[in-house]
Amino acid sequence: DARVTQTPRHKVTEMGQEVTMRCQPILGHNTVFWYRQTMMQGLELLAYFRNRAPLDDSGMPKDRFSAEMPDATLATLKIQPSEPRDSAVYFCASGLGVEWGELFFGEGSRLTVL
Amino acid sequence: GQQLNQSPQSMFIQEGEDVSMNCTSSSIFNTWLWYKQDPGEGPVLLIALYKAGELTSNGRLTAQFGITRKDSFLNISASIPSDVGIYFCAGRSGNTPLVFGKGTRLSVIA
């Protein structure tokens, strides 16, 4: 049963600490997206990759967020330093090309920054 | 940028009732998708629409791609308790990533 895998599922940290979230996309998918979900803003696109190359990260606060794909089976989203306003659920999704709309989401990483 | 207006924001219905929710866009889309999110889980794709006027069903769910290409609706017939969750519309045009609506939170009263 192919699915997107995210770790950790839950993370509680203190302000100023570094947070790294990981995502394993569905095998064979060549696009990976990072979304952030909050009650106020809904699902916000942070960054996305095609064939491991970053296409757009304009949705991310550049000074503290970074997204990478070290290889085709791993995408990472890093926050350094973390702030309380970063508290949210972060979703990774993968698909076959930006031009195809069908994205498959992971279960999310719930981040709480104290 | 593109924006999606999804309505209603929330619904409380009796089990067995039909449900209708819709989404409108400020610009033309060439793809409309509907997702459902259960508590503590990621959104799961329900229905994908790729052509204006397209009407697609998935069990008790029916969705349509509006003729103007700026709207879509989702209907759920004979609701059951497990239909509870948040329903998201999403759309895109050209080769841009999906844009999501804010969601419709559905509660079903048994």
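The values are calculated or read from the model by the stated rules, or taken from the named source; none is laboratory data. The structure displayed is predicted, hence computed values, not measured ones. Ideal geometry is used to build each Cβ from the backbone, glycine not excepted, and the neighbour counts take in all protein chains shown.
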**Fill in**
Within the stretch A:71-87, the residues that are over 18 Å from A:Q41 (Cβ atoms) and under 14 Å from the mean Cα position of the chain (by Cα) are A:T73, A:L74, A:A75, A:T76, A:K78
**Request:** Give the residue, chosen from B:G66, B:G91, B:G85, that is over 13 Å from B:T31 (Cβ atoms) and either among the β-branched types (V, I, T) or buried (at least 18 other Cβ atoms within 10 Å of the Cβ) (or both).
**Result:** B:G85
**Message:** Against the definition (part of a strand (DSSP E or B), buried (at least 17 other Cβ atoms within 10 Å of the Cβ), away from chain A (no Cβ under 14 Å) and not hydroxyl-bearing (S, T, Y)), how does B:L33 come out, yes or no?
**Reply:** no
**Request:** Would you mention how many residues in the stretch A:74-114 are at pLDDT below 95 and assigned to a loop (DSSP other than H, G, I, E, B)?
**Result:** 8
**Request:** Could you please let me know if B:R92 is at pLDDT 95 or above and basic (K, R)?
**Result:** no
**Asked** Taking A:M69, is it surrounded by 16 or more Cβ atoms within 10 Å (Cβ to Cβ), away from chain B (no Cβ under 14 Å), modelled with pLDDT of 95 or more and not in a loop (DSSP other than H, G, I, E, B)?
**Response** yes
**Fill in**
Going through the stretch B:57-110 in order, the residues found to be among the basic types (K, R) and touching a Leu at 6+ places or on another chain (Cβ under 7 Å) are B:R92
**Request:** Just name the residue that is surrounded by the most Cβ atoms within 10 Å (Cβ to Cβ) out of those in the stretch A:72-114 that are among the acidic types (D, E) and within 14 Å of another protein chain (Cβ to nearest Cβ).
**Result:** A:E107
**Options A:R110, A:R52; residue that is within 14 Å of the chain's Cα centre (by Cα), basic (K, R) and over 14 Å from A:P25 (Cβ atoms)** = A:R110
**Request:** Check the stretch B:84-104 and report whether any residue there is facing another protein chain (nearest Cβ under 10 Å) and touching a Pro at 6+ places or on another chain (Cβ under 7 Å).
**Result:** yes
